[in-house]
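The values are calculated or read from the model by the stated rules, or taken from the named source; none is laboratory data. On a predicted model such as this, the values are computed, not experimentally measured, just so you know. Counting neighbours? That spans all protein chains shown, and the Cβs are built from the backbone with ideal geometry, glycine included.
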């Protein structure tokens, strides 16, 4: 049966019809204003109506950045949107006349990779989305880990370094301060500032100014052989691997799926991650080494995962 | 229906009959030689026979320290026993004529607390057993997390401090190097060595020698008001709380259940843990604070949990 | 013989006549524009002329924030001023017709405390100035440690935490990221953000907004008994003590002199520092414990120290 | 004028006649019992008598592992010998009829490198002796830094990692837990234990057993191209460089002189140290990079330095 998936971002929503195999049959978009939750709902209703014009659908899955309660009904808190304890499922069900489930966006994307993407052949998987920050989703025994209050899966805020780098969340040493696009840019700029003779390639890409260096610049320069950029990506990858080793002690997943913009660096990121994961894995000699692979679904993962979750009964 | 639980330790086995409510109806013990797996099996068979003399039982759950494969059949690796990739389930089933499941001992104990002990009213829980080392068990959505290869739940080997204290596992900075009875003793002895004027109470308990100080000495002295001992337990508790905060970012459990010998320090351990958990909890203002409570089943937890697991179908 | 001391700040200079005993006999000020080095020199010349109207002076000592070459002649680099490899001594000597020496401002202030302030009775001392950042001066065997290139004494940029907090200097984990007024404010704001129910006193002082909390607010609230503020100052003090312990392993000074605005918290800062210094001091049982005391000369220290240094021959 | 230098080790003493240029003209040895201080004194007297048979000498310098008071007269505490607050200078002067000075052995060796070895052309230098532990000596402005109580120069016990590896001194995270022969062996063995397939070369040298691997094995294997051994030495070197960066912020020496047995790895150790020193150096762009060089005097440094110090007046 087809389902609609909706991925609510800060300034737009993406919607699509997804079949049982995770194939995205049609998609559409709407621009939205994050300050106006009602406007976002209107956009959802409008997009679903458009898609239902061509497809019969069984339900709707909605993915949003924030904490979603364990019954997948309420948005408890959304980082960039005004919802607080908001019964989004009920509101949308009434307007749409369709079953709706709500899910955290990183969880939805991770679920898509688990069901139809890189993790489709495993039962235990952790998704790590290395974008501006470090998001994630945890699948244990074929089920998404949501947490008692819907606040689970926030891998980026596990502490890696006591008294480490100050994170925007108010704490310090969070994993995303070491393994994210922001970390990559900050570290690269700092390296350029303390020693500007390194990495001419990188500075040229950024128009000669360290302050203009971006994550994609680093990846591009690394692919062109720039030693500093290669080292910066390797550093990020090593922190990824180190956190994976901690997760493996706890959860022992079969696979780590790495997505997000920084993931485009591919093996320049993943090879160092694999090496450190192997070096730091507890009881290395008594267990298989988890796989570390790239995500395969790209930006569609949120829509695909949300749609599929609308068909998954809660335990 | 009643079931038998077996807890295989280094030098003895404990066995008991457990009813549906987790009540231990009868129990027995056998001394064993860890070098002789066959002798351990004989002891299991003998103990089960004794218990079946008085009770009708539906199956047998066996708990052992080590990795157990995902089908709960084979002991992949046992820290203190000679089993390697050993089909313990099949061997015992054939000799007993009863269904058998095998489980890691910390998992079995955690399961008992989840089903019948401190965690019986929650659905998401982490058990932390603070004994000589730091063991644990993770329950997510009412299911025990075992890991893709049966190597999950090893909380004590999550890294807390990069380049931290060298652990017997070959890595460094493992949580159990900061939150375990061994850590407590090591830190206390070091404090006494660098400044012997502190903590006369503690030294008196240990017959005047820092090298003879044990974990129970520290707890006893702390209860008597010894400032160094109180501080040492609080330090351990703070490390516990810090690791709990990391686990909460990932798994968002409702409750942490603290067991093991060091747990006897009670709130001298748990109060600092709660404080740090609150201080370091991600998105503190947007979520409930997890409970931190003592385990209630004591040393019987392994037997009770193993018995109960014999009645739990794998997913 | 009297000497003139000049303390060049970002937007003003302070000048004074100082006698052999470190007494400030007269002082004057000039506003200056940090963008205009020539204007600063004019102000120095003008202020010295004013002071020489009333006193006979033997020479002039000039203190400035930056690296000063080992011969105390050139400003190699100034953080907030435009001088680069600038022969300030020669320029001023020619204009003043007096002997001139140039020194780093933190060194000058530390020298004043060593000669006439808290450290006047010791021979080996480290000054720690806990202001916005963490500055310092090191006196070994009665001599100021300047470094081979004049870049010594930058205690605030010793690394305390690998992969620690990102410092404005481009590196991470610098001591001043943990022991400075900026660190105090950042940590306090973070604590308020993650748990706004703590420290009503503090929030009231700051007009109800965590973002407006300043260092003096914290000190004031701590003196009024606010638990969060007391804890924040104690935390800062513990980091101070931890760094002192490292310095003691290397330099074994008799005394640490703590100055700067945060020093006004007094024993709320120093008591935790002393405790950690004692706890972490290498070979505690085989050596005396260094003293930890407050600076006594306040804001005059730079002028007094610079004046006195004009009378000290280089080795 | 010639002087005699004595280097008191755990089980033997080395003695030699040293001329004004630091040339060792003659030397002799005596076996000694560390439990019998009197026997050590007899051996010193005997060795000096032998050397005076052939040379006229002006005085005697004695180097011993321990804290020596600021007047270079008393051994306050000796790690491996029974002296406590012992007036060694007076005792030996009376028996020898010659001027005697006493100095810490690492300081004596560092002084020799400063006067006649790798550091003979600089004025500010830090010696780092990477042997079983990490010792050192600090020369500032041409003077040896001894500390207010004679406890300075213990670089190996500066803390590098909060809550880091437990050190034999009772504290944690000491530099020597990361940059010493013991650290090298411990880390290498751990790496071999967690992944025995790495480094066949190294295991062959050690007769197939990880527990028998020694520091010289690692150096030898690294020279033969063994990747694990090369990596282990580089790791040690990086920790050296990181500590050097901290020392440079504080003391700004011109040169780091690396001695001790591990120093024999040469650039396999020093190149990574130089790289990290450069990467982590405060204000890198505003100052010269300190040199990092090997010591040149080898095992004679203690004798040569002690002899020379007998000719140096205290300030």
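Descriptive notes on the structure:
- Residue B:152 being over 24 Å from residue A:123 (Cα atoms) and either touching a helix residue (DSSP H, G or I) at 6+ places or on another chain (Cβ under 8 Å) or facing chain A (nearest Cβ under 8 Å) (or both): no
- All positions within region C:186-205 that are away from chain A (no Cβ under 12 Å) and assigned to a helix (DSSP H, G or I): C:200, C:201, C:202, C:203, C:204, C:205
- Picking from residues in region A:104-148 that are in a loop (DSSP other than H, G, I, E, B), within 13 Å of another protein chain (Cβ to nearest Cβ) and in contact with a strand residue (DSSP E or B) (Cβ under 7 Å, 6 or more places away or on another chain), the one that is nearest to residue A:20 (Cα to Cα) is A:119.
- Residues within region C:119-154 that are over 17 Å from residue C:251 (Cα atoms), crowded, with 24+ Cβ neighbours inside 10 Å and more than 14 Å from the chain's Cα centre (by Cα), tallied: 2
- Qualifying residue in region D:3-18 (condition: modelled with pLDDT under 95, surrounded by fewer than 18 Cβ atoms within 10 Å (Cβ to Cβ), in contact with a strand residue (DSSP E or B) (Cβ under 7 Å, 6 or more places away or on another chain) and farther than 24 Å from residue D:146 by Cα): yes
- Within region D:204-216, being touching a helix residue (DSSP H, G or I) at 6+ places or on another chain (Cβ under 7 Å) and touching a residue at least 24 places away in the same chain (Cβ under 8 Å) holds for D:213, D:214, D:215.
- Members of region A:68-103 found to be surrounded by 21 or more Cβ atoms within 10 Å (Cβ to Cβ) and more than 14 Å from chain B (Cβ to nearest Cβ), listed by number: A:88, A:89, A:92, A:100, A:101, A:102, A:103
- Screening region D:288-302 for residues that are in contact with a helix residue (DSSP H, G or I) (Cβ under 8 Å, 6 or more places away or on another chain) and assigned to a loop (DSSP other than H, G, I, E, B) and picking the one that is farthest from the other protein chains (Cβ to nearest Cβ) gives D:297.
- Note on region C:160-173: residues that are surrounded by fewer than 24 Cβ atoms within 10 Å (Cβ to Cβ) and assigned to a strand (DSSP E or B) total 2.
- Any hit, region D:185-199, residues being within 24 Å of residue C:251 (Cα to Cα) and touching a helix residue (DSSP H, G or I) at 6+ places or on another chain (Cβ under 7 Å): no
- Taken over region C:42-51, residues that are surrounded by fewer than 19 Cβ atoms within 10 Å (Cβ to Cβ) and under 23 Å from residue C:72 (Cα atoms) amount to 4.
- Hits in region D:246-287 (condition: part of a helix (DSSP H, G or I) and at the interface with chain C (Cβ under 7 Å from one of its Cβ atoms)): D:246, D:249, D:250, D:251, D:280, D:286
- Residues of region C:231-245 that are touching a strand residue (DSSP E or B) at 6+ places or on another chain (Cβ under 8 Å) and more than 14 Å from chain D (Cβ to nearest Cβ): C:236 alone.
- Within region D:303-315, being more than 18 Å from residue D:19 (Cβ to Cβ) and either touching a residue at least 60 places away in the same chain (Cβ under 8 Å) or outside any loop (DSSP other than H, G, I, E, B) (or both) holds for D:314, D:315.
- Taken over region D:198-221, the residue count meeting the criterion of being farther than 27 Å from residue D:154 by Cα and either crowded, with 24+ Cβ neighbours inside 10 Å or in contact with a strand residue (DSSP E or B) (Cβ under 8 Å, 6 or more places away or on another chain) (or both) is 4.
- Matching entry among C:213, C:257 (being at pLDDT 95 or above and assigned by TED's automatic domain parsing to the domain that holds residue C:280): C:257
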